[in-house]
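> This is the structure I have questions about; it appears just below.
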Amino acid sequence: MNQGVTVIDHPLVQHKLTWMRRKETSSPNFRTLLREISLLMAYELTRDLPLTDQPIETPVSETIGHVIDGKKFCLISILRAGNGLLEGMLDLVPNAVVGHIGLYRDHETLEAIEYYFKVPGHLEERRVIVVDPMLATGHTSVAAITRLKKAGAQDIRFACLLAAPEGIKEMRAAHPDVPIFTASIDECLNENSYIVPGLGDAGDRIYGTK
Ligand code: URA
């Protein structure tokens, strides 16, 4: 069932996630924890980036160093909560190029409607990491990735903080080629499509809105 899904179960990630779940955690603390977790997640997500040899000189001798090969890799934030995951990843990989996708759900047709799409060029040559803290129904993530594929992206990974089994199923059905990285697979969705036990509305908790 969870083929193609990597749970990042590092103790630091699990500890910080538990603090994020607590309802009494303030927005500033929530943001700090999210930034720290996203940095740790970026470490896992970039583990297999290709390297190329590069001759360099240290103060002591010549040697061959190893640097990341190819076009700069690309982070795509699904607005607005995706921006919370983006910041820590950019701390770790400051040279990454960044895109944003805004989607909302039409209440009548239930279709995902795009209201913003701005992504870097040459997507077909880049490692693309799509970030959204909550994989709930999966509708938004599926629509965002479909759109990115139309724009040329081929090597795509999806990173979220929490994933519901329902969202994983939807993503695996629509985009079996896209590996999912998450800090936790939670129990289920409730009647309002919130992840249980979850952490509430990620956007509201990041930005202090209600
Ligand atoms: N989006 C959220 O922010 N939280 C959920 O639990 C589900 C979707």
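> So GLU125 passes all but one of these: (1) over 12 Å from the mean Cα position of the chain (by Cα); (2) within 16 Å of the ligand (Cβ to nearest atom); (3) acidic (Asp, Glu). Which condition number does it fail?
So the condition that GLU125 fails would be (2).
> For the stretch 177-210, enumerate the residues that are closer than 15 Å to LEU85 by Cα and among the charged types (D, E, K, R).
Selection gives ASP201, ASP204, ARG205.
> Still on this structure, I have one more. Tell me which of these TYR194 doesn't satisfy, since it passes every other one: (1) over 17 Å from HIS100 (Cβ atoms); (2) among the aromatic types (Phe, Trp, Tyr); (3) out of contact with any Lys or Arg (no Cβ under 8 Å at 6 or more places or on another chain); (4) more than 14 Å from the ligand (Cβ to nearest atom).
Every listed condition holds for TYR194 apart from (4).
> Going by what's in this entry, would HIS107 be described as within 20 Å of TYR194 (Cα to Cα) and open to solvent by 50 Å² or more (accessible area, probe 1.4 Å)?
yes
> Right, here's the next one. How do the pairs read when you match residues in the stretch 139-152 that are under 11 Å from ALA174 (Cα atoms) with residues anywhere that are open to solvent by less than 70 Å² (accessible area, probe 1.4 Å) and of a type in the set (Phe, Trp, Tyr), using Cβ under 9 Å and keeping only pairs 6 or more apart or on different chains?
Listed pairs, sorted by first residue: SER141/PHE158; ILE145/PHE158.
> Identify, please: which residue in the stretch 61-83 is under 14 Å from PRO133 (Cα atoms) and touching a Gly at 6+ places or on another chain (Cβ under 7 Å) and is, among those, surrounded by the fewest Cβ atoms within 10 Å (Cβ to Cβ)?
Ranking the qualifying residues of the stretch 61-83, first place goes to ARG80.
> While we're here: Among the residues of the stretch 4-14, are any buried (at least 19 other Cβ atoms within 10 Å of the Cβ), of a type in the set (A, V, I, L, M) and in a helix (DSSP H, G or I)?
For the stretch 4-14, residues buried (at least 19 other Cβ atoms within 10 Å of the Cβ), of a type in the set (A, V, I, L, M) and in a helix (DSSP H, G or I): present.
> Which ones in the stretch 17-65 are within 17 Å of the chain's Cα centre (by Cα) and farther than 18 Å from GLY203 by Cβ?
Result: GLU36, LEU39, LEU40, MET41, ALA42, TYR43, GLU44, LEU45, THR46, ARG47, ASP48, LEU49.
> What number of residues within the stretch 125-180 are within 21 Å of LEU49 (Cα to Cα) and among the β-branched types (Val, Ile, Thr)?
8
Per-residue answers, yes or no, for (1) open to solvent by 90 Å² or more (accessible area, probe 1.4 Å); (2) part of a strand (DSSP E or B):
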site: LYS23; (1), (2): yes, no
site: PRO28; (1), (2): no, no
site: ILE37; (1), (2): no, no
site: ALA42; (1), (2): no, no
site: THR52; (1), (2): no, yes
site: LEU85; (1), (2): no, no
site: MET89; (1), (2): no, no
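> Tell me, yes or no, whether the stretch 94-107 has at least one residue that is away from the ligand (no atom under 16 Å from the Cβ), within 18 Å of the chain's Cα centre (by Cα), among the aliphatic types (A, V, I, L, M) and at pLDDT below 95.
yes
The values are calculated or read from the model by the stated rules, or taken from the named source; none is laboratory data. What you see is a predicted model, and the numbers here were worked out from it, not measured in a lab. Positions of Cβ are backbone-derived with ideal geometry, glycine not excepted, and every protein chain shown enters the neighbour counts. Calculation scope for accessible area: heavy atoms of the full protein, side chains included, ligands and nucleic acids excluded. Shrake-Rupley method; radii C 1.70, N 1.55, O 1.52, S 1.80 Å.
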